[in-house]
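K.L.:
Submitted below is the structure of interest, expressed as structure tokens.
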């Protein structure tokens, strides 16, 4: 790790839990485990477009799994430009948010999960979001995997940590 202004840049090839950067273990893993919804940002012909999404995350933190209907604008956006960002935070709209809030932006590339893998990822998503079973079992529901390329973790509105995941 090296210090650049207020940012710490981390690059890791080995994502075994014991080798994750300290900031990832301290801030990122707990946040992703406790929050269930994220804001997905896609590109709508050059205009940012955001959507509130239920998400699941793989244990190695390399991929988010999302569900959406194929007839939605976000799906069209994902298929035309797979580069996306996902933002997760723990704010509560309280005065203490200035000191306590952690916000994470994950950047990555989206792809639809097709074929036999759909069943495996459906079960993975439903383990975290059982209330979405009817939605997940709909033939028009698409499962989207976002391969994460980097995370930006911001806490106390000033402490910024970037974790670039080596490919």
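Taken together, the values in this text are just the output of simple stated rules run on the coordinates, not laboratory data. A quick note: this is a predicted structure, and the numbers were derived from the prediction, not measured. When we count neighbours, we look across all protein chains shown, and the Cβ atoms used for this are built from the backbone with ideal geometry, even at glycine.
K.L.:
Kindly express, to the nearest 10 degrees and within the range 0 to 90, the angle between helix 117-128's C-alpha long axis and the longest C-alpha principal axis of the chain.
P.N.:
60
K.L.:
With label points built 7 Å along Cα→Cβ from the Cα atoms of residue 133 and residue 120, find their separation and express it in nm.
P.N.:
In this crude label model, residue 133 to residue 120 measures out at 2.3 nm.
K.L.:
Write down, largest first, the equivalent ellipsoid semi-axes of region 33-73 in whole Å, where each equals the square root of 5 times an eigenvalue of the alpha-carbon gyration tensor.
P.N.:
Working through the eigenvalues yields semi-axes of 22, 11, 10 Å.
K.L.:
Additional query: GNM on the chain, C-alpha springs below 10 Å: top fluctuator among 59, 89, 99?
P.N.:
99
K.L.:
Any chance you could run the full-extension gain for residue 109 through residue 91? It's 0.36 nm times the residue separation minus the Cα-Cα distance, nm to one decimal. All intermediate terms of the calculation are to be shown ahead of the outcome.
P.N.:
Numbers: separation 18, 0.36 × 18 = 6.48 nm, distance 2.61 nm.
Length gained between residue 109 and residue 91: 3.9 nm.
K.L.:
Anyone know which of 50, 134, 149 comes out most mobile in the 10 Å Cα GNM of the chain?
P.N.:
Between 50, 134, 149, it is 134 that shows the largest mean-square fluctuation.
K.L.:
Restricted to Cα positions, what overall size does the chain have along the principal axes? Three whole-Å values, descending.
P.N.:
The principal-axis extents, from largest down, are 47, 36, 33 Å.
K.L.:
Would you please classify the overall shape of region 50-119 from the alpha carbon gyration tensor, given that a ≥ b ≥ c denote the square roots of the eigenvalues, rounded means a/c under 1.5, and beyond that prolate means a/b larger than b/c while oblate covers the rest?
P.N.:
Working: a/c = 2.48, a/b = 1.88, b/c = 1.32.
Prolate.
K.L.:
Hey, in the GNM for the chain with a 10 angstrom Cα cutoff, which one of 142, 106, 33 fluctuates hardest?
P.N.:
Ranking 142, 106, 33 by mean-square fluctuation puts 33 first.
K.L.:
How large is Rg/Rh for region 113-163, to two decimals, with Cα atoms and a Kirkwood Rh?
P.N.:
1.19
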